[in-house]
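Structure first, then comments.
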Amino acid sequence: MSTVPLTQTLTGARRARDWIGDRILFLLTLLASLVSVALMIAIAYKVLHSAHQAFSKFGLGFLTGTTWDATHGVFGAGTLIYGTAVTCTIALLVGGPFAIAIALFLSELAPRGVRGVVGTLVEMLAAVPSVVLGLWGILVLGPFVAHHLEPWLHSVFGWIPLFGPASTGSDVFTAGLILAIMVVPIIASVCRELFLNVPQDLEDGALALGATRWEMVRGVVLSGSRPGIAAALILGLGRALGEAIAVTQVIGSATAIHVSFFQPGDTLASRIASQYQGAVSGLQTSSLFYLAGILLVIGLLTNLIAEIIVRRFEVARTGAS
């Protein structure tokens, strides 16, 4: 007779513990989420508040100004925005197809024993410190580009202003190649997961209907993963936008807009990293924060666009299934 009340007591105590555990878990996860939001707001507030002096003096004309003169207190971000756009474009044009090819090889073509090894090595590339990549760019990539790659490109495409005479290897083109190396692991990892999630039945059906391996990849794998690939490229773009140290080491740090890729330049992140500690005036420091604000807005927009694309892809896939 005493067993039933004891069982009910144990069940009630267990339910109470579960209720308390659920509430603690909810509070902890809510707190973590609120902390991340508060941290983002705090970063944005500090950057924008510190840029107030430069914004008050230069306004939106700062975005198109091409002069950066700390001596006379004249600053503009036009050349830096241009350098950022060019280096990131080179990075995506070079690194994007390369990363997609790696993802296709690992998901569709590589033997099972090779996939793990190569995939791990590609992902480990993301763990290489940017300063190490920058040193490698100075000692290895820069001389190779200056003595071999840029002269060849100039000899073949020299009639296009973008491929002017070769320089010393410290230029926008070398910086773009360094960024391409840095975005490959991100894009390749995301694309690999996308390709592995393509239903095997669709691939087998395309092959059974007589399609070649390339036709199956083009018509089934790539076609079904296009929104995800776009999101992966945008995520890679976000990685390239914020890189500073490696770019600073190889880009040449010149405040000018050159048509040719083979001339020195600078980017938003590189200028912040190279001049913040040595800023000679409050206006220069505020202008550097203005650059950080521009970079922050661009980074948030790119990640927001990637998130929208991923959500639409998931909705479309769910509706199709």
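Looking only at the range 125-145, which residues are out of contact with any helix residue (DSSP H, G or I) (no Cβ under 8 Å at 6 or more places or on another chain) and assigned to a helix (DSSP H, G or I)?
The answer is ALA127, VAL132, TRP136, LEU139, VAL140, PRO143, PHE144.
If the requirement is being in contact (Cβ under 8 Å) with a residue 12 or more places away in the chain, crowded, with 20+ Cβ neighbours inside 10 Å and assigned to a helix (DSSP H, G or I), which of these qualifies: ARG271, ARG312?
When all the criteria are applied, what remains is ARG271.
State all residues of the range 225-257 that are assigned to a helix (DSSP H, G or I) and within 11 Å of the chain's Cα centre (by Cα); if no residue qualifies, say none.
Of everything in the range 225-257, those that are assigned to a helix (DSSP H, G or I) and within 11 Å of the chain's Cα centre (by Cα) turn out to be ALA231, ALA232, LEU233, ILE234, LEU235, GLY236, LEU237, GLY238, ARG239, ALA240, LEU241, GLY242.
Does any residue in the range 169-186 that is in contact (Cβ under 8 Å) with a residue 60 or more places away in the chain come within less than 8 Å, Cβ to Cβ, of a residue that is assigned to a helix (DSSP H, G or I) and of a type in the set (Phe, Trp, Tyr) six or more places away or on a different chain, and which pairs are these?
GLY169/PHE144; ALA180/PHE98; VAL184/PHE98
Got a sec? Which of VAL217, VAL184 is at pLDDT below 85, assigned to a helix (DSSP H, G or I) and either in contact with a strand residue (DSSP E or B) (Cβ under 9 Å, 6 or more places away or on another chain) or of a type in the set (A, V, I, L, M, F, W, C) (or both)?
VAL217
Looking only at the range 74-129, which residues are surrounded by fewer than 16 Cβ atoms within 10 Å (Cβ to Cβ) and within 18 Å of SER253 (Cα to Cα)?
VAL74, ALA85
Mind checking whether some residue in the range 58-73 is assigned to a helix (DSSP H, G or I), surrounded by fewer than 16 Cβ atoms within 10 Å (Cβ to Cβ), at negative phi and in contact with a Pro (Cβ under 8 Å, 6 or more places away or on another chain)?
No, the range 58-73 contains no residue that is assigned to a helix (DSSP H, G or I), surrounded by fewer than 16 Cβ atoms within 10 Å (Cβ to Cβ), at negative phi and in contact with a Pro (Cβ under 8 Å, 6 or more places away or on another chain).
Taking ALA246 as the residue in question, decide whether it is over 27 Å from GLY76 (Cα atoms) and surrounded by 21 or more Cβ atoms within 10 Å (Cβ to Cβ).
no
Is it the case that LEU301 is in a helix (DSSP H, G or I), over 21 Å from ILE181 (Cα atoms) and over 24 Å from the mean Cα position of the chain (by Cα)?
no
Kindly list, by first and then second residue, each pair from a residue in the range 215-230 that is over 17 Å from ILE308 (Cβ atoms) to a residue that is assigned to a helix (DSSP H, G or I) and hydrophobic (A, V, I, L, M, F, W, C), limited to pairs with Cβ atoms under 6 Å and residues at least 6 apart or on different chains.
The qualifying pairs are MET216/ALA206; MET216/LEU207; VAL220/LEU202; VAL220/ALA206; VAL221/PHE195.
Checking the condition among the aromatic types (Phe, Trp, Tyr), part of a helix (DSSP H, G or I) and either under 22 Å from SER107 (Cβ atoms) or at pLDDT 85 or above (or both), which residue from PHE173, PHE163 passes?
PHE173
For the range 143-162, does any single residue satisfy the condition of being surrounded by 17 or more Cβ atoms within 10 Å (Cβ to Cβ), of a type in the set (D, E, K, R) and in contact (Cβ under 8 Å) with a residue 40 or more places away in the chain?
Scanning the range 143-162 turns up at least one residue that is surrounded by 17 or more Cβ atoms within 10 Å (Cβ to Cβ), of a type in the set (D, E, K, R) and in contact (Cβ under 8 Å) with a residue 40 or more places away in the chain.
Evaluate the following for VAL86: is it in a helix (DSSP H, G or I), in contact (Cβ under 8 Å) with a residue 24 or more places away in the chain and out of contact with any strand residue (DSSP E or B) (no Cβ under 9 Å at 6 or more places or on another chain)?
no
The values are calculated or read from the model by the stated rules, or taken from the named source; none is laboratory data. Predicted model only: the values in this text are computed from it and were never measured. Using ideal geometry, Cβ is built from the backbone for each residue, glycine included, and neighbour counts are taken over all protein chains shown.
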